[in-house]
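One structure is given here, and the rest of the page talks about it.
The values are calculated or read from the model by the stated rules, or taken from the named source; none is laboratory data. These numbers were taken from a predicted model, which means no experiment stands behind them. Cβ placement follows ideal geometry from the backbone for every residue including glycine, while neighbour counts extend to all protein chains displayed. SASA here: full protein model, heavy atoms, side chains in, ligands and nucleic acids out. Shrake-Rupley method; radii C 1.70, N 1.55, O 1.52, S 1.80 Å.
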Amino acid sequence: MLILRSGLLLATLFISACSMPIFQDLSTSKTDSVDQNVSNNTPVESTKSTVVAPTTSTNDNTSNESTSNPLNNVSSVDSLTKQLRAQQALAKANYTELTNRTGKAPQLPSISNVNNLSSNQINDATQQLRSYVSKTNSTLASLNARVDDRQKVALNGDLIRIFLSETTITHGNQTFKAQPLVGQWIRGESRAIRLKDNILFEDPKSEDLNITFSETYQLIVNNKVIATINPNREKNDADFTVATHDNKGSIVGRLDFRVVDDE
């Protein structure tokens, strides 16, 4: 009986000794597996956060710089202003030419101080001027056609002969007398002539003079009316004093003119 009890006790101890390492290994294995999973997952989350955040920030900064750069806005306004001033110059030139040659011209568009206009207002004003220039160009083309017809078949009072004499030009510190000139003008024609102190040789002393015989029978020199021509009177004369084109000098002279009969 004693031997049997001793055998059972030894068997129990043997079984306990064999089973304990197995549970320890399983516990260790599970712990290692969990640690490995945690270790593998952590770097992935950190990398995503690092890549996405800087990219979004860079795009936002670039967008803000492109839309809020004041230099771009200034350059755009300067370009629009130059276009507006160019159209203003063309419109004014057409207005002056039509007024001289026909006695009337459409009223120029009213434009406020350019420096106080927004970009949209500058665009609108430029478009108004373009329309004016286009309209007056058509009117000038029709006028030129009438002048060509009168040159071919001139009616009474459509053709005059002008003799320019005793002309003195004062510009800055220089003063010179121009050589006499003679020419014929058709009613409605405007023409510039070059005044020189010597016709035979090139000389720095010279000045342009614009003479117009308007459709309303007015004789205009450098945009100034100096006489009204009676188509039924054969000849007449007129003295004039006008400014040079740059308004820095003066031209004083005399015109003798007579109506030329249809030949």
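Numerical summary
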| read-out | value |
| --- | --- |
| Wholly within the stretch 164-263, strands (runs of 3 or more DSSP E) carrying at least 1 residues that are open to solvent by 30 Å² or more (accessible area, probe 1.4 Å), modelled with pLDDT of 90 or more and over 27 Å from LEU98 (Cα atoms) | 174-177 |
| The listed residue being of a type outside the set (Asp, Glu) and open to solvent by 60 Å² or more (accessible area, probe 1.4 Å), out of SER119, SER110 | SER110 |
| Number of the exception - SER206 against (1) within 29 Å of the chain's Cα centre (by Cα); (2) closer than 27 Å to ASN247 by Cβ | (1) |
| Residue match in the stretch 150-157 (condition: assigned to a helix (DSSP H, G or I), open to solvent by 60 Å² or more (accessible area, probe 1.4 Å), out of contact with any Cys (no Cβ under 6 Å at 6 or more places or on another chain) and touching a residue at least 24 places away in the same chain (Cβ under 8 Å)) | yes |
| Given (1) in contact (Cβ under 8 Å) with a residue 12 or more places away in the chain; (2) outside any helix (DSSP H, G or I), index of the condition ASN100 fails | (2) |
| All positions within the stretch 103-144 that are over 25 Å from GLY188 (Cα atoms), part of a helix (DSSP H, G or I) and of a type outside the set (Asp, Glu) | VAL114, ASN115, ASN116, SER119, ASN120, GLN121, ILE122, ASN123, ALA125, THR126, GLN127, GLN128 |
| Selection status of THR139, under 27 Å from ASN94 (Cβ atoms), surrounded by 13 or more Cβ atoms within 10 Å (Cβ to Cβ) and among the β-branched types (Val, Ile, Thr) | yes |
